[in-house]
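Asks: First the structure, which I've put down as structure tokens, then a few questions once you've had a look.
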Amino acid sequence: MSVGIKQNHTIAIYGLGAISLTIARAFDKNGIGFVILARNQSRKNQISSQTFLYQFRTKPIESFQWKETVRTLDECEEKFDCIFIGCKSSELENYCRNASPLLKENGRLVLLQNGLPENLVQAKKENLMGGVVGWNTQKRQDGVYFQSNAGHLILGNSEGTRPDSDWTEYLAPFIPTILTSDLEGYRWHKLGINAIINGLAGSVQSSLGYLFLSSLGRKLAIAVLTEISQIMQKLGIQERVVPGSISIQKLSNGPSGFPTFIKHIVLLVLGIKYFKIRTSLVQDLDAKRVTEIDYLNAVVSKIGKTLQIPCPINDRIVEEIKDIESGKKKPDFSFLNQLEKSLNRK
């Protein structure tokens, strides 16, 4: 545990999933105090009785118990400067509504979801902070939360100001943290990445390796990013690249894009590096759960329609995943050939 870090903020975490647990680990190891909020007594008992197992890459497995830090929403009398919200996008509005009474007057809800979550919440911008996550943590079948890569957390206030510098100390070195006044640029970058690794991969329920080792898969990934880049250009959004990632503008077809063969090489390398990775949306389909597609590619389609920018590839991806979710269709790699026809009709 680190010592000597002055804590100037009261902190809570509401929704203890793989991402928020990674943040809780960093706070714990740095000696930063925090409260875990539980929606009811049953969830409190579950968290209090659990030993959380965590592994960073090939490092030894760590264990954490947070029995003394858990409070139900009803019994918690403390007010917080920041509450990290670690739920699915579909539950975000309810989680924020339930957590808001526990904020101090100038406190902030920290939204860790993918997509554009700030648009989903009925709250003042001055009470929101966004967190763009640059690492991957998943719960393995053996119950261990496994972080497969080192990655940054980008924090930005929703109204376009930089958060307090204290956050870099609270989380480092376990989570390198970037404080930004341009949250939107990072949000759209991450949306583009998720549109291919979750959306496109989900449309054929495939690992990243099988998707990107296919030349057609790579071609369609470039098409997905091209549609998103056109929207960003129309909106005047400057892309901010998450460290360790690569610019979606460089991978798209446009004046700032790499030559085509370079784009394919980059995606091929990613496919080899993450060959077995099945991203969260693909895992949801594997488990026959409702996916987050409404907050990823569907957002692109909706905004594109508003701006009169055709997004046929993103549109078809959304339709296909909805059909797989409902059981109307079974995933089939031949769907990529159908997508290519949509591309050729543009």
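The values are calculated or read from the model by the stated rules, or taken from the named source; none is laboratory data. These numbers come from a predicted model, not from an experiment. Every residue, glycine as well, gets a Cβ built from its backbone with ideal geometry; the counts of neighbours run over all protein chains shown.
Asks: When you scan the range 94-107, do you find a residue that is touching a strand residue (DSSP E or B) at 6+ places or on another chain (Cβ under 6 Å), surrounded by 22 or more Cβ atoms within 10 Å (Cβ to Cβ) and within 23 Å of Phe146 (Cα to Cα), even just one?
Replies: no
Asks: Let me ask you something else. Within the range 193-200, is even one residue crowded, with 18+ Cβ neighbours inside 10 Å and free of Cβ contacts under 8 Å to residues at least 40 places away in the same chain? Reasoning before the result, please.
Replies: Within the range 193-200, the first condition is being crowded, with 18+ Cβ neighbours inside 10 Å, and the residues that meet it are 193-200.
The next check asks that each one be free of Cβ contacts under 8 Å to residues at least 40 places away in the same chain; those that pass are 196.
Within the range 193-200 (the criterion being crowded, with 18+ Cβ neighbours inside 10 Å and free of Cβ contacts under 8 Å to residues at least 40 places away in the same chain), the answer is yes, since at least one residue qualifies.
Asks: To continue, here is another question. Mind checking which residues of the range 274-312 are without any contact (Cβ under 8 Å) to a residue 12 or more places away in the chain and small (Gly, Ala, Ser)?
Replies: Result: Ala287, single match.
Asks: Then there's this: Does Gly271 satisfy the criteria of being at pLDDT below 95 and either in the same structural domain as Cys87 (by TED's automatic domain parsing) or not hydrophobic (A, V, I, L, M, F, W, C) (or both)? Give the derivation first.
Replies: Working: at pLDDT below 95: yes; either in the same structural domain as Cys87 (by TED's automatic domain parsing) or not hydrophobic (A, V, I, L, M, F, W, C) (or both): yes.
When the stated conditions are applied, Gly271 passes them.
Asks: Continuing with the same structure: Against the condition farther than 19 Å from Asn157 by Cβ, without any contact (Cβ under 8 Å) to a residue 40 or more places away in the chain and hydrophobic (A, V, I, L, M, F, W, C), how does Val70 come out, does it pass? Steps first, answer last, please.
Replies: Details: farther than 19 Å from Asn157 by Cβ: yes; without any contact (Cβ under 8 Å) to a residue 40 or more places away in the chain: yes; hydrophobic (A, V, I, L, M, F, W, C): yes.
Spelling it out, Val70 is indeed farther than 19 Å from Asn157 by Cβ, without any contact (Cβ under 8 Å) to a residue 40 or more places away in the chain and hydrophobic (A, V, I, L, M, F, W, C).
Asks: Taking Ser90 as the residue in question, decide whether it is farther than 19 Å from Tyr170 by Cβ and surrounded by 15 or more Cβ atoms within 10 Å (Cβ to Cβ). Give the derivation first.
Replies: Values: farther than 19 Å from Tyr170 by Cβ: yes; surrounded by 15 or more Cβ atoms within 10 Å (Cβ to Cβ): no.
Here the answer is no, as Ser90 does not meet what is asked.
Asks: A follow-up question, please. If the requirement is being of a type in the set (A, V, I, L, M, F, W, C) and over 21 Å from the mean Cα position of the chain (by Cα), which of these qualifies: Leu270, Leu307?
Replies: On the way: Leu270 fails: over 21 Å from the mean Cα position of the chain (by Cα).
Of the residues listed, the single one that is of a type in the set (A, V, I, L, M, F, W, C) and over 21 Å from the mean Cα position of the chain (by Cα) is Leu307.
Asks: Follow-up. Does the range 124-142 hold any residues that are modelled with pLDDT of 95 or more and either more than 25 Å from Glu93 (Cα to Cα) or among the polar types (S, T, N, Q) (or both), and which are they?
Replies: Asn127, Asp142
Asks: Of all residues in the range 134-162 being hydrophobic (A, V, I, L, M, F, W, C) and closer than 12 Å to Leu183 by Cα, which is farthest from the chain's Cα centre (by Cα)?
Replies: Restricting attention to the range 134-162, the residues satisfying the condition of being hydrophobic (A, V, I, L, M, F, W, C) are 135, 144, 146, 150, 153-155.
Restricting the remaining residues to those that are closer than 12 Å to Leu183 by Cα gives 153-155.
On the way: Leu153: 10, Ile154: 11, Leu155: 13 Å.
Here the residue is Leu155.
Asks: Just the residues that are surrounded by 15 or more Cβ atoms within 10 Å (Cβ to Cβ) and out of contact with any helix residue (DSSP H, G or I) (no Cβ under 6 Å at 6 or more places or on another chain), please, taken from the range 325-334.
Replies: Listed by number, the residues that qualify are Glu325, Phe333.
Asks: Let me ask you something else. Inspect the range 259-281 for any residue being in a loop (DSSP other than H, G, I, E, B) and closer than 17 Å to Lys88 by Cα and give the result as yes or no. Steps first, please.
Replies: First, the residues of the range 259-281 that are in a loop (DSSP other than H, G, I, E, B): 259, 274-279.
Applying the additional criterion that residues be closer than 17 Å to Lys88 by Cα yields 279.
Looking for residues that are in a loop (DSSP other than H, G, I, E, B) and closer than 17 Å to Lys88 by Cα, one finds at least one in the range 259-281, hence yes.
Asks: Inspect the range 70-78 for any residue being outside any helix (DSSP H, G or I), in contact with a strand residue (DSSP E or B) (Cβ under 7 Å, 6 or more places away or on another chain) and under 27 Å from Thr279 (Cβ atoms) and give the result as yes or no. Talk me through it step by step, then tell me what you get.
Replies: Taking the range 70-78 and keeping what is outside any helix (DSSP H, G or I), we get 70-78.
If we keep only those that are in contact with a strand residue (DSSP E or B) (Cβ under 7 Å, 6 or more places away or on another chain) as well, we get 70-73, 76, 78.
In the following step, the residues that additionally are under 27 Å from Thr279 (Cβ atoms) were identified as none.
No, the range 70-78 has no match at all.
Asks: Can you tell me which residue among Lys6, Lys59, Lys44 is assigned to a loop (DSSP other than H, G, I, E, B) and either at pLDDT 95 or above or in contact with a strand residue (DSSP E or B) (Cβ under 7 Å, 6 or more places away or on another chain) (or both)?
Replies: On the way: Lys6 fails: either at pLDDT 95 or above or in contact with a strand residue (DSSP E or B) (Cβ under 7 Å, 6 or more places away or on another chain) (or both); Lys44 fails: assigned to a loop (DSSP other than H, G, I, E, B).
Being assigned to a loop (DSSP other than H, G, I, E, B) and either at pLDDT 95 or above or in contact with a strand residue (DSSP E or B) (Cβ under 7 Å, 6 or more places away or on another chain) (or both) holds for just one of Lys6, Lys59, Lys44, which is Lys59.
Asks: Shifting gears a bit: Being without any contact (Cβ under 8 Å) to a residue 40 or more places away in the chain and either under 21 Å from Gln55 (Cα atoms) or surrounded by fewer than 19 Cβ atoms within 10 Å (Cβ to Cβ) (or both) is the filter here, so list the residues in the range 124-141 that pass it. Show your work before the answer.
Replies: The initial filter retains those residues of the range 124-141 that are without any contact (Cβ under 8 Å) to a residue 40 or more places away in the chain, namely 124-128, 140-141.
Selection gives Lys124, Lys125, Glu126, Arg140, Gln141.
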